[in-house]
């Protein structure tokens with residue numbers, strides 16, 4: 001077994017099953033095993049939003065650049081068909097990705113940061129609308145300044161609604 005391979009063992013009803021391979025292969029194999037042994041899991045897993053970050057990164061190649069000094073840099077042309085809402089969610093998705101890969105600590109942004117990065121003068125209003133739509137979450141403590149992050153649903157929304165516009169304009 002190489003350093004990059006994972007080995008996992010599950011014991012259930014006296015049976016022992018081993019899984020070996022890359023992290024992703026083992027994860028998928030364990031999920032298939034669990035669904036096969038308990039069909040109720042399948043119906044629940046169908047409802048869960050699953051974000052495939054490797055697929056998302058591939059789709060955003062050339063649009064989001066991760067700089068170890070400044071974090072995520074979003075590059076969209078001035079002729080982009082994205083409106084304020086889509087640009088704001090794109091900036092939050094970029095922040096989430098940068099956090100997931102370890103370039104930043106935390107995936108939240110304050111309104112001023114969102115305004116600056118998305119070049120939107122209406123960021124506060126748009127963020128409020130996105131919170132009510134569950135695309136974005138305000139995770140600030142009561143009485144504190146807003147700290148916004150994109151939700152799993154928001155990431156899925158971005159991929160299905162905004163990505164097609166972004167791809168057309170590239």
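The values are calculated or read from the model by the stated rules, or taken from the named source; none is laboratory data. What you are looking at is a predicted structure, and each value in this text was computed from that prediction instead of being measured. All Cβ positions, even for glycine, are placed from backbone atoms using ideal geometry, and neighbour counts span all protein chains on display.
Among residues belonging to the range 139-158 that are closer than 19 Å to residue 49 by Cβ and surrounded by fewer than 17 Cβ atoms within 10 Å (Cβ to Cβ), point out the one that is farthest from the chain's Cα centre (by Cα). Taking the candidates together, the pick is 139.
Report the residue count in the range 138-166 for those that are free of Cβ contacts under 8 Å to residues at least 60 places away in the same chain and within 17 Å of residue 84 (Cα to Cα).
Residues flagged as free of Cβ contacts under 8 Å to residues at least 60 places away in the same chain and within 17 Å of residue 84 (Cα to Cα) within the range 138-166 amount to 4.
When residue 15 is tested against (1) outside the structural domain of residue 135 (by TED's automatic domain parsing); (2) in contact (Cβ under 8 Å) with a residue 40 or more places away in the chain, exactly one condition is not met: (2).
Name the residue, out of 107, 86, that is in contact (Cβ under 8 Å) with a residue 12 or more places away in the chain, in the same structural domain as residue 152 (by TED's automatic domain parsing) and part of a helix (DSSP H, G or I).
86
Looking across the range 122-137, the residues that are free of Cβ contacts under 8 Å to residues at least 24 places away in the same chain and touching a strand residue (DSSP E or B) at 6+ places or on another chain (Cβ under 9 Å) come down to 128, 131, 137. Within the range 112-138, being under 19 Å from the mean Cα position of the chain (by Cα), over 21 Å from residue 60 (Cα atoms) and assigned to a loop (DSSP other than H, G, I, E, B) holds for 133, 134.
Rundown of residues vs (1) within 18 Å of residue 158 (Cα to Cα); (2) over 21 Å from the mean Cα position of the chain (by Cα); (3) surrounded by 12 or more Cβ atoms within 10 Å (Cβ to Cβ), yes/no style:
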site: 15; (1), (2), (3): no, yes, no
site: 24; (1), (2), (3): no, no, no
site: 29; (1), (2), (3): no, yes, yes
site: 53; (1), (2), (3): yes, no, yes
site: 63; (1), (2), (3): yes, no, yes
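With respect to the conditions (1) closer than 17 Å to residue 63 by Cα; (2) surrounded by fewer than 20 Cβ atoms within 10 Å (Cβ to Cβ); (3) out of contact with any helix residue (DSSP H, G or I) (no Cβ under 9 Å at 6 or more places or on another chain), residue 98 lacks only one, and its number is (2). Taking the range 1-74 as the region of interest, the strands (runs of 3 or more DSSP E) fully inside it that hold 1 or more residues being in contact with a strand residue (DSSP E or B) (Cβ under 9 Å, 6 or more places away or on another chain) and over 22 Å from residue 135 (Cα atoms) are 6-12, 15-21, 64-67.
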